[in-house]
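Let me give you the structure first, and then I'll get to my questions.
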Amino acid sequence: MDRIIVSIVMGSDSDLPVMQQAAEMLDLFDVGYEIDIVSAHRTPEKLFEFASNAHKRGIVVIIAGAGGAAHLPGMVAAISPLPVIGVPIKSGNSIDGWDSILSILQMPGGVPVATVALNGAKNAGILAAQIVSVMNNSVQSKILQYKQELKEQVITKSKNLNT
């Protein structure tokens with residue numbers, strides 16, 4: 001891992017078990033990242049500072065996870081010029097996660113947030129690495145290898161099922 005180029009943020013430490021999956025995927029692809037708690041509702045000043053300056057610090061992709069009303073990904077996207085990947089999280093005060101999904105997915109025109117599945121931080125990590133791979137051949141090679149391994153796993157499982 002060279003330098004930090006992906007930022008993983010979440011609204012609460014209760015989101016860490018889900019968001020850790022994004023970090024694990026970035027580790028797999030040797031993509032440098034930072035991880036922090038930035039609450040849209042409890043620390044709006046920190047959110048504004050983070051989103052305003054991430055690109056100035058060399059960050060190229062932001063993964064933002066939040067549960068409940070899930071304003072963090074959208075607010076980061078409203079402020080930052082960087083691509084934002086939103087991870088809706090099923091939290092304790094959630095309506096089966098639908099509130100988080102819709103809060104992140106239904107962004108107004110002009111403020112896009114790429115949204116993964118409920119608790120889908122693994123895919124957010126992969127997507128962030130794929131974005132990074134556009135400018136990094138080493139990361140792209142690791143992604144190609146990962147996809148080949150997925151293919152081989154399915155072929156093996158299919159053979160085992162039919163023998």
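Please go through segment 109-126 and give me each residue that is in contact (Cβ under 8 Å) with a residue 60 or more places away in the chain and of a type in the set (Val, Ile, Thr), ordered by number.
126, the sole residue that qualifies.
Could you grab me the full set of residues in segment 79-104 that are surrounded by fewer than 16 Cβ atoms within 10 Å (Cβ to Cβ) and under 23 Å from residue 46 (Cα atoms)?
Looking only at segment 79-104, we keep the residues that are surrounded by fewer than 16 Cβ atoms within 10 Å (Cβ to Cβ), and these are 81, 92-93, 95-96, 98, 102.
Across segment 79-104, the qualifying residue is only 81.
For segment 77-116, which positions are touching a strand residue (DSSP E or B) at 6+ places or on another chain (Cβ under 6 Å), more than 15 Å from residue 22 (Cβ to Cβ), in a helix (DSSP H, G or I) and hydrophobic (A, V, I, L, M, F, W, C)?
77, 101, 105
Restricting the search to segment 59-76, which residues are outside any strand (DSSP E or B), modelled with pLDDT of 95 or more and either in contact with a Pro (Cβ under 7 Å, 6 or more places away or on another chain) or among the small types (Gly, Ala, Ser) (or both)?
74
Looking at segment 127-143, I want the residues that are more than 16 Å from residue 3 (Cβ to Cβ) and have a partner that is aromatic (Phe, Trp, Tyr) and buried (at least 20 other Cβ atoms within 10 Å of the Cβ) with Cβ atoms under 7 Å, at least 6 apart or on another chain. Which pairs are those?
142/29; 143/29
The values are calculated or read from the model by the stated rules, or taken from the named source; none is laboratory data. Since the structure is predicted, the reported quantities are computational estimates derived from the model, not experimental observations. Cβ sites come from the backbone with ideal geometry, for glycine too, and all protein chains shown count toward neighbours.
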